[in-house]
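So the structure is just underneath, and the comments pick up after that.
The values are calculated or read from the model by the stated rules, or taken from the named source; none is laboratory data. These figures come from a predicted structure and were not determined experimentally. Neighbour counts are summed over all protein chains in view; Cβ atoms, including those assigned to glycine, are modelled from backbone coordinates with ideal geometry. Each accessible area value is taken on the protein alone, full model and side chains, heavy atoms only, with ligands, DNA and RNA left out. Shrake-Rupley method; radii C 1.70, N 1.55, O 1.52, S 1.80 Å.
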Amino acid sequence: MPKKVTSEPYPNSSLVEVIFEIQFPEEPVIECKRDIFYESVRSEYSQVLVPQTKTGGVVVLEPYIFERRDKSSGLMLAMNRFSFYCRKYQGFAEFKKMFLKILRGFRLAYPKIDKLTRTGFRYVNIIPFTREDGVVPFNKFLKMTIQTPASIPSQYENISLGFISKTDGGSITVRVETMLSVNQGGEAILLDLDCVKERDLIIQSVGKYLEESHSFLRQLFEDLITDDYRAFLRGDTL
């Protein structure tokens, strides 16, 4: 039996945004019935942000954004994709409940959208840190090992790395880099995790894909962080 992965956020959670997206072949009906879909979410997502024209870009493939007034969550809708994002994450059960409620309105507005080309579930974490002798204390937070030749000291002033790894029917993207964090008032480590599915997808099974992707990413997060940092996330001092 695989070990059970918790679905609840830590008291000192590093999550700043959680996103789930579905993609499908370009469908003109998205443009024609956007108002019908909007009526299903208008009461909660009343802020409308219209895509801006970009040089060389395709405007219809840029999403309209429908957002809560407090910016805590929102929706993005374009001709080939639909996503839900949350910046005040209250746990996976609540996130899934909110998304599936919104998805019902989407399916009523666009009943002919059935086949999906991709789903993606993403965790964006911001981990504040204080330098130690001018160096990023990377291994205090993450168990990732950066292998370099012996001639390169493992005392990093800044870090920027990422990789995409193939999985059964999709991929996992991991991005780690140091950054300035305005909200945290100093420096931080960005830990960006994205789980993608791309094989034999249908909209009727989106809830299952979301569950599977969440379980994978939460386990990956637990595997990446150190025990000391996990204790901090649970409420202890670091």
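Only residues that are crowded, with 16+ Cβ neighbours inside 10 Å and either more than 22 Å from Ile126 (Cβ to Cβ) or not acidic (Asp, Glu) (or both) were counted across segment 190-211, and they come to 11. Hey, any hits in segment 128-135 for a residue that's part of a strand (DSSP E or B), in contact (Cβ under 8 Å) with a residue 60 or more places away in the chain and open to solvent by less than 80 Å² (accessible area, probe 1.4 Å)? Yes - at least one qualifying residue is present in segment 128-135. Filter segment 203-229 down to residues that are in contact (Cβ under 8 Å) with a residue 12 or more places away in the chain and among the charged types (D, E, K, R) and give me whichever is farthest from Ile146 (Cα to Cα). Going through the qualifying residues, I end up with Glu211.
If you take the residues in segment 14-36 that are of a type outside the set (Asp, Glu) and open to solvent by 50 Å² or more (accessible area, probe 1.4 Å), which one is farthest from Ser205 (Cα to Cα)? Looking at residues that are of a type outside the set (Asp, Glu) and open to solvent by 50 Å² or more (accessible area, probe 1.4 Å), I get Val16.
Taking the conditions exactly as written (over 30 Å from Glu222 (Cα atoms), assigned to a strand (DSSP E or B) and more than 14 Å from the chain's Cα centre (by Cα)), does Leu108 satisfy them or not? Answer is no for this residue. Within segment 72-94, residues that are more than 18 Å from Thr119 (Cα to Cα) reach partners that are surrounded by fewer than 19 Cβ atoms within 10 Å (Cβ to Cβ) and of a type in the set (A, V, I, L, M, F, W, C) with beta carbons closer than 6 Å, at six or more positions or on different chains, in the pairs Tyr89/Leu15. The number of residues in segment 212-238 that are surrounded by fewer than 19 Cβ atoms within 10 Å (Cβ to Cβ) and outside any helix (DSSP H, G or I) comes to 6.
If the condition is being part of a strand (DSSP E or B) and surrounded by fewer than 19 Cβ atoms within 10 Å (Cβ to Cβ), then segment 171-189 contributes Ser171, Ile172, Thr173, Val174, Arg175, Glu177, Met179, Leu180, Ser181, Gly186, Glu187. When Phe92 is tested against (1) out of contact with any strand residue (DSSP E or B) (no Cβ under 8 Å at 6 or more places or on another chain); (2) closer than 17 Å to Gln204 by Cα, exactly one condition is not met: (2).
The set of residues from segment 6-44 being over 30 Å from Asp223 (Cβ atoms), among the hydroxyl-bearing types (Ser, Thr, Tyr) and in a loop (DSSP other than H, G, I, E, B) comprises just one member, Ser43.
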